[in-house]
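As structure tokens, the structure follows; a few thoughts come after it.
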Amino acid sequence: MALLVYLFLYWSISNLILRIICLTQDPKSATFAIMATIIACNNSLTTLAVFGTNLVMAMERAFRVYQKPIEDTRKWYILIAVVVLMACCTMIAIFSTSLSSDGFTPDRGLQALLWFIVTLVVIGSMYIGIIVAYIATYVQSKKLIRKTLTNPQHEEVRERMERSIFKSCTIMVATTLICYTPIIVFLLVKKFIEGGSHLVVLKQVFNVLVTMDAIACPLLVIYFNHKIRDCLFM
């Protein structure tokens, strides 16, 4: 989770600096177009890194619950790292050859199509993987608890542990769904719907939801890490 905090910190600071620079430029100037393209590339790269880190965290918890040996799980982490790295290189190539007028997607047709495919396949797959991993964590944890605490006297303890695991998994899944589902759906379908002012408003609303994850992530770190919580509130 510490890595996620650093990623969101970088994302917030870099976007703030880039957008301040944009405010000093003429919207019709070449410098403004270049800065918007840098913002779009930065957003794509950071989103890939955030989703990759979230997926590693979710899988690490699932592997721990399923008691998988480290030797068997390392290959999955390497695979995620390779996929994210390749996707990042693709995004850099895309925005190196096409400007982005909206600060999100490339303007040129071929680059826009490639961006669409990378977003759909890579981020979409990691998005589903995160949800599946947390669901699997809860299901297996529940089985282990019921298998271990078989004594009727332990029923209250068992129910309390199941509620605790269910709550933590639900929080993580709900955060992913609420913060990222709208913007992912919007970016993927906006190519197939007519433009208009309502799309601009929707995009800004969905951007706010993504930004909320930069706030939610540190709060989740504090919530789940009792050592940090004790240091802050002692």
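Residue 40 falls short on exactly one of the conditions (1) more than 20 Å from residue 128 (Cβ to Cβ); (2) without any contact (Cβ under 8 Å) to a residue 12 or more places away in the chain; (3) under 18 Å from the mean Cα position of the chain (by Cα), and that condition is (2). Would you please name the residue that is modelled with the highest pLDDT, looking only at residues in segment 101-111 that are of a type outside the set (S, T, N, Q) and surrounded by 16 or more Cβ atoms within 10 Å (Cβ to Cβ)? The residue in question is 106. Inspection of segment 134-143 identifies at least one residue that is at pLDDT 75 or above, more than 23 Å from residue 53 (Cα to Cα) and either out of contact with any His (no Cβ under 6 Å at 6 or more places or on another chain) or surrounded by fewer than 13 Cβ atoms within 10 Å (Cβ to Cβ) (or both).
In segment 89-110, the residues that are closer than 12 Å to residue 45 by Cα form Cβ pairs under 8 Å with partners that are charged (D, E, K, R) and open to solvent by less than 60 Å² (accessible area, probe 1.4 Å), at six or more places apart or across chains, as follows: 104/203.
One residue stands out among those in segment 117-130 that are open to solvent by 30 Å² or more (accessible area, probe 1.4 Å) and touching a residue at least 40 places away in the same chain (Cβ under 8 Å): the one that is farthest from the chain's Cα centre (by Cα), which is 120.
Hey, any hits in segment 159-179 for a residue that's surrounded by 14 or more Cβ atoms within 10 Å (Cβ to Cβ), at pLDDT below 75 and over 30 Å from residue 81 (Cβ atoms)? Taking every residue of segment 159-179 in turn, at least one turns out to be surrounded by 14 or more Cβ atoms within 10 Å (Cβ to Cβ), at pLDDT below 75 and over 30 Å from residue 81 (Cβ atoms).
The values are calculated or read from the model by the stated rules, or taken from the named source; none is laboratory data. As the structure is a prediction and not an experimental result, all values here were calculated from the model. Here the Cβ is made from the backbone with ideal geometry for all residues, glycine too, and neighbour counts use every protein chain on show. For accessibility, only protein heavy atoms count, side chains too; no ligands or nucleic acids. Shrake-Rupley method; radii C 1.70, N 1.55, O 1.52, S 1.80 Å.
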